[in-house]
1. Does Thr204 fit the bill of being closer than 27 Å to Gln330 by Cβ, at pLDDT 95 or above and surrounded by fewer than 23 Cβ atoms within 10 Å (Cβ to Cβ)?
2. Just checking, which of Glu173, Glu186, Glu192 is open to solvent by less than 40 Å² (accessible area, probe 1.4 Å), modelled with pLDDT of 95 or more and in contact with a strand residue (DSSP E or B) (Cβ under 8 Å, 6 or more places away or on another chain)?
3. List every residue pair whose Cβ atoms sit under 8 Å apart, with the two residues 6 or more apart in sequence or on different chains, where the first one lies in segment 146-164 and is within 15 Å of Gln50 (Cα to Cα) and the second, anywhere, is of a type in the set (Ser, Thr, Tyr) and surrounded by 24 or more Cβ atoms within 10 Å (Cβ to Cβ).
4. For segment 234-241, state whether one or more residues are over 24 Å from Ala365 (Cα atoms) and surrounded by fewer than 17 Cβ atoms within 10 Å (Cβ to Cβ).
5. Can you name the residue in segment 101-143 that is open to solvent by 40 Å² or more (accessible area, probe 1.4 Å) and among the aliphatic types (A, V, I, L, M) and, of all such residues, is farthest from Ile211 (Cα to Cα)?
6. Considering only residues of segment 131-156 that are in contact with a Leu (Cβ under 9 Å, 6 or more places away or on another chain) and of a type in the set (D, E, K, R), which is modelled with the lowest pLDDT?
7. Is it fair to say Ala233 is part of a strand (DSSP E or B) and small (Gly, Ala, Ser)?
Amino acid sequence: MKPHCVIVGAGHAAAQLCASLRQAKWEGPITLIGDEPQLPYHRPPLSKTQLDPTSDAELQFLRPAEFYAKNDITTLTGCRVDAIDRDEKKVTLGDRRIPYDKLVLCLGSVNRRPPIQGIDHSKVHVLQKAEHAELLREAAGKGSRAVIIGGGFIGLEVAASLRKQGLEVTVLELAPRVLSRVTSPEVSAFFEKLHAEHGVKLLTGVQVTEILEMGDALVVRASDGQEFIADFAVLGAGAAANSGLAEAAGLEVENGILVDEFNTTSDPDIHAVGDCCNQNRPRYGKRLRLESVQNAVDQAKTVALALTGNPKAHDELPWFWSDQYDVKLQIAGVSTDYDQVVVRGKPEPGSSFSAWYFKGTKLLAVDAVNDAIAYAVGTKLLKLGLDPSVADVSDPDLEPKQLLAKTKEIHHA
């Protein structure tokens, strides 16, 4: 019999893996197991158009149902894998056991839940799945005041979506600035101004300790005694790897499921892809667990090649994006450990600008705000491994395309 590939999880990585396996001539059966009732769908709209009560709430499926049928892919939706038996090479779903030859874990991430009393109240929403978006959409349609706990991408995107609907929005961030884990103080300050200009009350350095019910509303209480009244709250305090299933099976786990350059776990017959895994990145000289659609899709392609006998080490340039109001933030690379940032343009609402991150003379990443050209040039330089000089990046008279040409010329001289 031809080998059977079982995929656990039904997000972007899983959908891409199904397609890539068939493209790479995997001839054996494929079984896709997801705990949501739907087939894999686009997740970025959950924090944007899916929250607008006036917009079309139809999910955008990554592949139509016909794709799975045509490619002989069995889909088990609404099913949860309880355990992995590595000795017998089977996964357990309730009283059902499914054998595998190769197992791929596309488990995604789980919401971080800070130690806040009352965090499990029914009016405290998270946003990770379609069902969460539907509940939050209903709350936004009925309420007028929202408190968002967390000023990361999800928190700020939800804030923008709710403000567009006219809701009164307060964002409470524990760190001294928003987006502190992913960007520079200059870019953080821009987004704080942006949200303030759109009427969001944004407070940093605030630790939420308790959420209480008061009549039909909630009281969100901070450690300094401040209280914020809301019709509902949204928890956006970050995400952790969904690695419990792997850990219970005895796979090596440390801030995600540890994988090699081919996304193979400590068990050669099990791979892990996307938000749930932690992979060494030669480009940055360290292990990273990345939460992005692009990373999940690229790693799925890596696994498909590995499983079909054409292994190619994964070392794609990470990239991310966020849409808030009429602003598009595009990030190429990872700025962790930077020691200098150069800002090109004016980081003011209504303007376009970019932030270039260096560690010594090495370019690590570029953030571009409404600046597609800077993003494209930064991406090109990073992919080519070319480091422009800090002086050239700092020169306002040197256009991005000129910067690219000059850097290429210097490196090829």
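1. For Thr204, the condition - closer than 27 Å to Gln330 by Cβ, at pLDDT 95 or above and surrounded by fewer than 23 Cβ atoms within 10 Å (Cβ to Cβ) - is met.
2. From the options Glu173, Glu186, Glu192, the qualifying one is Glu173.
3. Partner pairs satisfying both residue conditions: Ile154/Ser47; Glu157/Ser47; Val158/Ser47; Ser161/Ser47.
4. Within segment 234-241, not a single residue is over 24 Å from Ala365 (Cα atoms) and surrounded by fewer than 17 Cβ atoms within 10 Å (Cβ to Cβ).
5. Among them, the one singled out is Val110.
6. Filtering first and then ranking leaves Arg137.
7. When the stated conditions are applied, Ala233 passes them.
Okay, residues lined up against (1) surrounded by 22 or more Cβ atoms within 10 Å (Cβ to Cβ); (2) at pLDDT 95 or above:
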{"site": "His4", "(1), (2)": "no, yes"}
{"site": "Ile7", "(1), (2)": "yes, yes"}
{"site": "Ser20", "(1), (2)": "no, yes"}
{"site": "Lys25", "(1), (2)": "no, yes"}
{"site": "Pro44", "(1), (2)": "no, no"}
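The values are calculated or read from the model by the stated rules, or taken from the named source; none is laboratory data. As the structure is a prediction and not an experimental result, all values here were calculated from the model. Virtual Cβ from ideal backbone geometry, glycine too; neighbours counted across all protein chains shown. Calculation scope for accessible area: heavy atoms of the full protein, side chains included, ligands and nucleic acids excluded. Shrake-Rupley method; radii C 1.70, N 1.55, O 1.52, S 1.80 Å.
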